[in-house]
1. Identify all residues within the stretch 32-77 that are more than 19 Å from residue 136 (Cβ to Cβ), part of a helix (DSSP H, G or I) and touching a residue at least 40 places away in the same chain (Cβ under 8 Å); write none if there are none.
2. Does residue 38 qualify as being more than 24 Å from residue 115 (Cβ to Cβ) and either surrounded by 23 or more Cβ atoms within 10 Å (Cβ to Cβ) or within 16 Å of the chain's Cα centre (by Cα) (or both)?
3. Can you name every residue in the stretch 17-29 that is free of Cβ contacts under 8 Å to residues at least 40 places away in the same chain and either under 13 Å from residue 195 (Cα atoms) or out of contact with any helix residue (DSSP H, G or I) (no Cβ under 6 Å at 6 or more places or on another chain) (or both)?
4. Going through the stretch 78-96 one residue at a time, which ones are in a loop (DSSP other than H, G, I, E, B), over 20 Å from residue 167 (Cα atoms) and modelled with pLDDT of 95 or more?
5. Has the stretch 111-126 got any residue that is assigned to a loop (DSSP other than H, G, I, E, B) and either out of contact with any strand residue (DSSP E or B) (no Cβ under 7 Å at 6 or more places or on another chain) or under 22 Å from residue 209 (Cα atoms) (or both)?
6. So which helices (runs of 4 or more DSSP H) are wholly in the stretch 130-239 and hold at least 1 residues that are surrounded by 16 or more Cβ atoms within 10 Å (Cβ to Cβ) and in contact with a strand residue (DSSP E or B) (Cβ under 9 Å, 6 or more places away or on another chain)?
7. Looking for something over 13 Å from the mean Cα position of the chain (by Cα), touching a residue at least 40 places away in the same chain (Cβ under 8 Å) and over 24 Å from residue 70 (Cβ atoms) - is there at least one such residue anywhere in the stretch 103-118?
């Protein structure tokens with residue numbers, strides 16, 4: 001049966017590298033999706049556009065800094081009134097600090113990018129996501145923010161922000177349950193990305209960005225059929 005939302009947009013934030021970039025590529029090449037890729041790195045988005053040429057999906061890219069106060073309005077302008085099939089909140093900021101070195105400015109920036117911006121963008125795009133079949137909001141969390149998981153020194157701010165994002169995902173499932181919008185969080189374990197290597201120098205994950213991106217793409221398109229308001233660990237290892 002043909003999906004009535006097959007031509008609706010799939011939006012990926014943090015699309016210029018790592019899992020976000022791999023998710024875009026999987027959506028374009030494996031699923032023929034219509035993708036809007038968002039990142040603050042315009043040059044990297046340009047190389048992503050080149051890599052995805054030839055489809056079968058189509059890719060638009062727009063440079064938006066999610067740390068900016070008006071980021072949600074900029075995303076809405078890029079969507080330009082179109083329907084949204086899935087919104088993947090992949091953009092994230094890593095903060096590694098020893099105790100005694102945290103500052104209000106650092107923590108404010110961290111929580112804005114990792115928690116506040118996803119909430120504001122979801123709120124702004126609610127009308128575009130609503131419908132039947134439901135739109136799907138996917139929050140890319142971390143095992144660091146998963147309850148009772150192993151925690152690591154230096155990452156209290158990052159892990160706390162990802163725990164907050166997981167709670168946002170569950171709350172939005174309730175907030176939007178009458179509007180035809182599903183919301184879930186994928187708590188990722190280790191993936192071989194620049195962010196992981198920055199957090200854990202010398203550690204090499206057996207899971208590639210391409211493998212995780214393919215999983216996230218599939219889940220964004222179809223996971224809402226089986227899950228809503230869930231925080232799902234997706235981890236073969238944690239450092």
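The values are calculated or read from the model by the stated rules, or taken from the named source; none is laboratory data. Please read these numbers as outputs of a predicted model, since none were measured by experiment. We place every Cβ from the backbone using ideal geometry, glycine too, and count neighbours over all the protein chains shown.
1. Of everything in the stretch 32-77, those that are more than 19 Å from residue 136 (Cβ to Cβ), part of a helix (DSSP H, G or I) and touching a residue at least 40 places away in the same chain (Cβ under 8 Å) turn out to be 71, 73.
2. Judged against the criteria, residue 38 is not a match.
3. Scanning the stretch 17-29 gives a single hit, 29.
4. Correct list: 80, 81, 82, 83.
5. No, the stretch 111-126 contains no residue that is assigned to a loop (DSSP other than H, G, I, E, B) and either out of contact with any strand residue (DSSP E or B) (no Cβ under 7 Å at 6 or more places or on another chain) or under 22 Å from residue 209 (Cα atoms) (or both).
6. 156-175, 209-222
7. No, that holds for no residue.
Rundown of residues vs (1) buried (at least 17 other Cβ atoms within 10 Å of the Cβ); (2) under 15 Å from residue 217 (Cα atoms); (3) in contact with a strand residue (DSSP E or B) (Cβ under 9 Å, 6 or more places away or on another chain), yes/no style:
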position	(1), (2), (3)
19	yes, yes, yes
28	yes, yes, yes
54	no, no, no
63	yes, no, yes
70	no, no, no
